[in-house]
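The values are calculated or read from the model by the stated rules, or taken from the named source; none is laboratory data. Since the structure is predicted, the reported quantities are computational estimates derived from the model, not experimental observations. Cβ placement follows ideal geometry from the backbone for every residue including glycine, while neighbour counts extend to all protein chains displayed.
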Amino acid sequence: MNLHDLFAIPLRRSPDRPALRFSAPDGSRADLTYAELFEESRRLAAGLHARGLRRGDRVAFFLGNRPEFVTAYLAVVSLGAVMVPLNLAYRRREIAHILGDAAPRLLLTERSQLPVLEELEPEERAGVEDVILAEDLGSLSREAGEGWGGGSVDSDDLAMILYTSGTTGRSKGAMITHGNVLATMAGLLAAWAWEPADVLLLTLPLFHTHGLVVGLHCALAAGSTVLLRRRFDAAEVARELLGGQPTLFFGVPTMYVRLVEELRKGPLTPDPSPIAHPPDRERGTQP
């Protein structure tokens, strides 16, 4: 079994359930049902396959929270390729080290990050055959059409290479298989009793395992809804939590400190934005 097989279960059960609801600071929004999310990822996988991406190839992700991160990640793992996330705080030295060590064929980024990548010397990104902007993924998907019907991915295949923080030396890539991620998710889904009716407010960065595996993976496996935000904003998060729509929220200690500080400032106006769920007899049951 691989990650794509697991995500296919809620897709089959509740294709019309909201999977991803994205709101950006500039007011832009994107809402995707499970059917729409996985159709976009399937078409993008076809586009990447047409560009030569194959099982075992590495793809570096240097971009922030946005729907394209999710669809691209799902596309990459469905091909049996390997996602290599880059922390957005990294600069030339860290990025050059990871690109040289992981040797990705493709680099997925966004327009706002191009100035950082331009600091790299040509030899420091020599192994990268193509740089693809998240803003251009829609056209890549449309060009692909129906030319790809799926790939073969085993549980022992790599899903991602996650680099350590490098506090005791140069950061090292931890090689994480589909089976490794599935085992982690199985424990989290059972321990926290995730349900399809859950709504996760996700402000953690997707380039980190906390946001990507603990948050996004578990939510999609459970058939829940993800409220994806570009970044953590204490006032906005407090309003959304007080609005009562999210049932789950993850953070690190500094985030909780800032939330408490925000609440101490005085009354906040809750965000009452509803989450529309289709009628379905599995609502409220265990995934």
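Quick notes on this one:
- Residue check, residue 24 surrounded by fewer than 21 Cβ atoms within 10 Å (Cβ to Cβ) and not charged (D, E, K, R): yes
- Top-ranked residue of region 217-241 - restricted to ones that are out of contact with any helix residue (DSSP H, G or I) (no Cβ under 7 Å at 6 or more places or on another chain) and in a helix (DSSP H, G or I), ranked as modelled with the highest pLDDT: 219
- Residue within region 203-213 that is part of a helix (DSSP H, G or I) and touching a Cys at 6+ places or on another chain (Cβ under 6 Å) present: no
- Screening region 88-115 for residues that are touching a strand residue (DSSP E or B) at 6+ places or on another chain (Cβ under 9 Å) and loosely packed, with under 14 Cβ neighbours inside 10 Å and picking the one that is nearest to residue 44 (Cα to Cα) gives 111.
- Segments classed as helices (runs of 4 or more DSSP H), wholly inside region 67-173, with at least 1 members that are farther than 27 Å from residue 20 by Cα, touching a residue at least 40 places away in the same chain (Cβ under 8 Å) and touching a helix residue (DSSP H, G or I) at 6+ places or on another chain (Cβ under 7 Å): none
- Residue within region 12-29 that is basic (Lys, Arg) and farther than 20 Å from residue 201 by Cβ present: yes
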